[in-house]
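Report on the structure given below.
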Amino acid sequence: MAETIALISRKGGSGKTTTAQIMSAGFTSKGAKVLCIDLDGQASLTHIMGADPTGKSIIDVFTNKGNITDAIQHTQTGDIIAANSGLDLADMRLTGQGREMLLKKALESVKRDYNLILLDTVGAFGVLTLNALAVANGVILPAQADILSLNALKDSYDLIQSARENVNTGLKIYGVLLTRFNSRANISRDLLAMFEQAAQVMNTRVFNSKIRDSVAVKEAQAMQTDLLKHKPKNNAAQDYSAFIAELDGIIKAEA
Ligand SMILES: Nc1ncnc2c1ncn2[C@@H]1O[C@H](COP(=O)(O)OP(=O)(O)O)[C@@H](O)[C@H]1O
Ligand SMILES: [Mg+2]
């Protein structure tokens with residue numbers, strides 16, 4: 001049965017998509033079967049995983065334009081259900097009762113085929129993010145170490161609390177992942193203390209592994225390749241490898 005993880009943050013540019021891409025590649029190379037679902041109409045994950053953006057999206061699955069297995073594309077770094085700009089209209093198109101449970105229902109028939117399902121969401125919260133929170137076991141909150149991202153964490157937490165009350169009582173928060181981190185900047189130390197405090201309020205942790213800023217991340221994405229294989233010694237690659245091992249330990253400990 002798949003572990004299902006939603007990457008959530010109210011702010012764009014937090015590293016949700018980058019983290020989804022690298023987690024998919026990392027767990028795939030460890031032998032796990034991974035399915036990513038791109039829930040952002042910008043289709044960034046679809047693009048950097050080298051998937052076909054004209055393929056069926058999750059909305060096509062919801063609106064019965066095909067079954068879920070037809071929508072799954074295979075790549076070297078994991079399977080993916082692609083996104084396209086049609087997802088931007090999700091809030092208008094998905095209006096029926098039970099609209100927040102569509103993803104959970106759709107995944108029912110395939111979740112046994114995967115060890116890990118990763119849900120990459122969009123910063124503007126809407127019905128698709130609610131669907132992600134309804135089906136996920138746990139959430140990862142990627143955030144840049146800046147004050148606006150700290151403020152945005154509260155919005156994410158409010159949404160998670162609402163999901164817990166309404167659709168998914170057992171939803172866990174695995175932790176806050178600091179991305180694009182520069183440990184040498186003085187401000188980061190103070191901010192880190194504030195993030196740790198915020199994590200405590202949410203009854204979770206800031207992951208020990210923090211992802212340093214590195215141009216290699218963007219290079220690998222431009223080349224649609226796996227950073228961990230492309231430049232394993234790069235700072236961000238090492239940080240992501242450490243994060244994957246840390247998360248794996250937490251998931252096993254909390255299972
Ligand atoms: N560790 C990193 N080092 C350098 N650039 C990064 C890093 N993580 C993310 N980026 C870049 O920051 C931008 C935003 O990241 P992205 O993962 O798309 O965020 P989100 O999905 O939350 O909007 C992208 O251009 C991405 O390439
Ligand atoms: Mg994104």
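The values are calculated or read from the model by the stated rules, or taken from the named source; none is laboratory data. Values in this document were obtained by computation on a predicted structure and should not be read as measured data. Note that each Cβ is placed from the backbone with ideal geometry, even for glycine, and that neighbours are counted across all protein chains shown. Ligands, DNA and RNA are excluded from the accessible area calculation, which covers all protein heavy atoms including side chains. Shrake-Rupley method; radii C 1.70, N 1.55, O 1.52, S 1.80 Å.
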Exercise for the section: With respect to residue 153, determine if the residue is crowded, with 19+ Cβ neighbours inside 10 Å, at pLDDT 95 or above, more than 16 Å from ligand 2 (Cβ to nearest atom) and within 30 Å of residue 234 (Cα to Cα). Expected result: yes
Fill in the blank from the handout: From the option list 145, 90, single residue qualifying as open to solvent by less than 50 Å² (accessible area, probe 1.4 Å), under 25 Å from residue 200 (Cβ atoms) and not charged (D, E, K, R) is 145
Exercise for the section: Can you confirm whether the stretch 140-147 contains a residue that is in a helix (DSSP H, G or I), in contact (Cβ under 8 Å) with a residue 12 or more places away in the chain and over 23 Å from residue 108 (Cα atoms)? Expected result: yes
Practice task
Return the total of residues in the stretch 31-54 being touching an Asp or Glu at 6+ places or on another chain (Cβ under 9 Å) and either near ligand 2 (Cβ under 10 Å from one of its atoms) or without any contact (Cβ under 8 Å) to a residue 12 or more places away in the chain (or both).
Solution key: 6
Practice task
State whether one or more residues within the stretch 84-92 are more than 16 Å from ligand 2 (Cβ to nearest atom) and either touching a His at 6+ places or on another chain (Cβ under 7 Å) or among the small types (Gly, Ala, Ser) (or both).
Solution key: yes
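Every residue, every condition in (1) assigned to a loop (DSSP other than H, G, I, E, B); (2) within 20 Å of residue 5 (Cβ to Cβ); (3) more than 16 Å from ligand 1 (Cβ to nearest atom), yes or no:
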| site | (1), (2), (3) |
| --- | --- |
| 170 | yes, yes, yes |
| 174 | no, yes, yes |
| 177 | no, yes, no |
| 188 | no, no, no |
| 193 | no, no, yes |
| 200 | no, no, yes |
| 204 | yes, yes, yes |
| 210 | yes, yes, no |
| 216 | no, no, no |
Practice task
Would you tally the residues in the stretch 156-191 being within 23 Å of residue 18 (Cβ to Cβ), modelled with pLDDT under 95 and open to solvent by 40 Å² or more (accessible area, probe 1.4 Å)?
Solution key: 5
Problem - Single residue of the stretch 218-236 satisfying the filter (within 16 Å of ligand 2 (Cβ to nearest atom), in a helix (DSSP H, G or I) and open to solvent by 70 Å² or more (accessible area, probe 1.4 Å)) that is nearest to residue 76 (Cα to Cα) - result: 222
Exercise for the section: Please work out if residue 83 is under 19 Å from the mean Cα position of the chain (by Cα), within 19 Å of residue 24 (Cα to Cα) and open to solvent by less than 50 Å² (accessible area, probe 1.4 Å). Expected result: yes
Fill in the blank from the handout: Taking the stretch 22-69 and keeping only residues that are in contact with a strand residue (DSSP E or B) (Cβ under 6 Å, 6 or more places away or on another chain), part of a helix (DSSP H, G or I) and away from ligand 1 (no atom under 16 Å from the Cβ), one is left with 27, 28, 58
Handout entry: Per-region count, the stretch 195-243, residues among the hydroxyl-bearing types (Ser, Thr, Tyr), touching a residue at least 24 places away in the same chain (Cβ under 8 Å) and in contact with a Ser or Thr (Cβ under 9 Å, 6 or more places away or on another chain)
Key = 3
Handout entry: Within the stretch 114-133, considering residues that are within 16 Å of ligand 1 (Cβ to nearest atom) and of a type in the set (Val, Ile, Thr), the one surrounded by the most Cβ atoms within 10 Å (Cβ to Cβ)
Key = 121
Problem - Filter result for residue 247 (touching a helix residue (DSSP H, G or I) at 6+ places or on another chain (Cβ under 7 Å), over 30 Å from residue 98 (Cα atoms), touching a residue at least 12 places away in the same chain (Cβ under 8 Å) and buried (at least 20 other Cβ atoms within 10 Å of the Cβ)) - result: no
